[in-house]
Amino acid sequence: MKWIPLTDIAQLDVIDKASAEKPVLIFKHSTSCSISRTAKDRLERAWKSEDDALHTVYYLDLLRFRSISDAIAVRYGVEHESPQVLVIVNGKCRYANSHFGITYTDVLEELGS
């Protein structure tokens, strides 16, 4: 997966603007959590190179950037979870899931594939 690191809160404005053109995926990951690592690995193993051409995907290391995770919760009206995926459309969270509810099939469906 061609992750775009989410390291600056200003990137949320970029995500909102881009999501007016097509859905944007945010993956919130805890690098110290085995469940988070498993969910991320499952998604990455299923992801195809053509998916990278079609979709914009952001990766948040929430241990390093907890303030961004908190801002995501407030901006998009979602409760913080880890791991967590969010699909942003027109600046709003259209889909959120966490833990083993994160599946390649569901993510692609929500991204419009």
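What the phi angles of the range 3-8 give under the Karplus curve with 6.51, -1.76 and 1.60, with θ = phi - 60°, is a coupling list of 5, 9, x, 9, 10, 9 Hz, glycine and proline written as x.
Near residue 108, within a Cβ-to-Cβ distance under 12 Å, what is the net charge of the other residues, with Lys and Arg +1 and Asp and Glu -1?
Its environment carries a net charge of -4.
Taking label positions 7 Å along the Cα-Cβ direction at both residue 22 and residue 74, the computed distance is 3.1 nm, reported to one decimal.
Which GluC sites (Glu not before Pro) from the range 1-67 combine a DSSP loop assignment with at most 12 other Cβ atoms within 10 Å?
21
Computed over the chain with a Gaussian network model linking Cα atoms closer than 10 Å, the most mobile of 14, 87, 57 is 14.
Helix-only arithmetic for the chain: the sum of -39500 (n - 2.57) across DSSP H runs with n ≥ 4, divided by the residue total, places the mean residue ellipticity at 222 nm at -11500 deg cm²/dmol.
Amide H contacts under 5 Å for residue 59: 4, 6, 27, restricted to partners 5 or more places along the chain or on a different chain, H placed in the peptide plane at 1.01 Å from N.
Per-residue Karplus couplings for the range 21-32, computed as 6.51 cos²θ - 1.76 cosθ + 1.60 with θ equal to phi - 60°, are listed in order as 8, 7, x, 10, 9, 10, 10, 9, 10, 9, 5, 9 Hz, Gly and Pro entered as x.
I'm spelling it out carefully: the read-out is mean projected area of the Cα convex hull in nm², the candidates are (i) 8.1; (ii) 10.2; (iii) 6.0, and one was derived from this structure. Which label? For mean projected area of the Cα convex hull in nm², the calculated option is (iii).
Once the Cβ-Cβ distance of residue 13 and residue 54 is raised to the sixth power relative to R0 = 35 Å, the FRET efficiency obtained is 0.95.
Net charge of the neighbourhood of residue 62, taken over other residues with C-beta under 15 Å away and scored Lys/Arg +1, Asp/Glu -1, is +1. Sparsely packed loop sites in the range 32-113 (the trypsin sites (Lys or Arg not before Pro) outside DSSP H, G, I, E and B with at most 13 other Cβ atoms within 10 Å) comprise 48, 64.
Each reported figure results from applying straightforward, stated rules to the coordinates on display, with no laboratory input. Note that the structure is predicted; figures quoted are calculated from it, not measured. Because the Cβ atoms are built from the backbone with ideal geometry, glycine has one as well, and the counts that use them run over all protein chains shown.
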